[in-house]
Amino acid sequence: MTKLSVNINKIATLRNSRGGNNPSVLQAAIDCQQFGADGITVHPRPDERHIRYSDVREMRSYITTELNIEGNPTEDKFVQLVLETRPHQVTLVPDALDQLTSNHGWDTIRHVTYLRDIVGVFKQAGIRVSIFVDPDPKLAAAAADTGTDRVELYTEHYAQHFAADPHEAIKNYVQAAGAAADQGLALNAGHDLDLKNLRFFAEHIPGLAEVSIGHALISDALYYGLHNTIQMYQRCLKPLA
Ligand SMILES: CC(=O)[C@@H](O)[C@H](O)COP(=O)(O)O
Ligand SMILES: NCC(=O)COP(=O)(O)O
């Protein structure tokens with residue numbers, strides 16, 4: 001069954017907004033695991049707008065499920081953090097410093113040499129690697145040339161077009177997922193997945209190993225509570241009886 005990795009970036013956004021330690025990011029990581037998350041995802045950005053590098057170091061020993069650290073490996077601090085904390089998975093995301101959020105995947109053809117080198121660094125350290133890609137069959141397949149274990153399909157386009165036409169919205173993702181699987185790559189997905197669009201996505205993407213969900217899940221938790229919300233998302237990933 002597809003695993004749910006809860007991205008707790010937005011817990012840190014709320015914490016940072018007042019300068020103290022409320023809500024505690026560490027406690028949220030501990031509790032999300034207790035509440036049924038299969039993993040914790042964090043995306044420490046260079047400006048530390050939400051998750052701080054110190055958060056990742058502090059939480060590492062409390063992760064009893066899986067830790068997935070996302071970020072741009074062209075930042076040396078990011079590479080050092082990953083090698084120091086040794087997460088279960090690192091997800092390589094080509095974000096620029098000034099981006100509001102992640103909004104594109106890697107050009108795995110153009111940057112194959114760079115990606116092959118950095119993937120080798122993390123795999124040498126025993127860390128599973130996932131590369132963030134747009135739902136493009138060619139780019140998803142080409143990721144295999146980097147030595148990566150997985151690709152993560154960037155699902156914002158799906159989320160934006162799901163309501164209008166779910167089957168049209170998922171078409172490219174099915175093709176990209178198939179192209180990745182044909183190359184022996186395992187499949188993750190994330191960005192803007194939510195309680196409305198998650199089940200359809202998971203039911204139509206065979207072999208989906210993991211979804212990482214943050215913004216919508218934490219927003220939903222403001223209304224439904226974090227424990228209940230994680231259970232609601234997990235139920236979207238379970239086959240209907
Ligand atoms: C890579 C991706 O799509 C998201 O995981 C990203 O972490 C979101 O970052 P923000 O929480 O900073 O919007
Ligand atoms: N990799 C996607 C992720 O971790 C969370 O993205 P979002 O749910 O915050 O859009």
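The values are calculated or read from the model by the stated rules, or taken from the named source; none is laboratory data. Here the structure is a predicted model, which means the values were calculated and not measured. Virtual Cβ from ideal backbone geometry, glycine too; neighbours counted across all protein chains shown. Note: areas computed on protein heavy atoms with side chains; ligands, DNA, RNA excluded. Shrake-Rupley method; radii C 1.70, N 1.55, O 1.52, S 1.80 Å.
Here the Kirkwood formula, the inverse mean of 1/r across different C-alpha pairs, assigns region 1-134 a hydrodynamic radius of 15.2 Å. Rg and Dmax, both from the Cα atoms of region 15-82 and both in Å, are 12.1, 34.
Cross-linked pairs 3/138; 138/171; 196/238: Cα-Cα separations exceed 18 Å for 3/138. Of the solvent-accessible surface of region 115-206, computed with a 1.4 Å probe and all protein chains present, 50% belongs to carbon and sulfur. Would you mind estimating how fast the chain diffuses translationally, via Stokes-Einstein at 20 °C and 1.002 mPa s with the Kirkwood radius over Cα pairs, in µm²/s? Rounded to a whole number, D works out at 120 µm²/s.
Entry comment: accessible area of the chain is 45 Å² per residue, from protein heavy atoms only and a probe of 1.4 Å.
Annotation: the antiparallel percentage among DSSP beta bridges lying fully within the chain is about 0. Net charge in the neighbourhood of residue 240 (other residues with Cβ under 14 Å of its Cβ; Lys, Arg +1, Asp, Glu -1) is +2.
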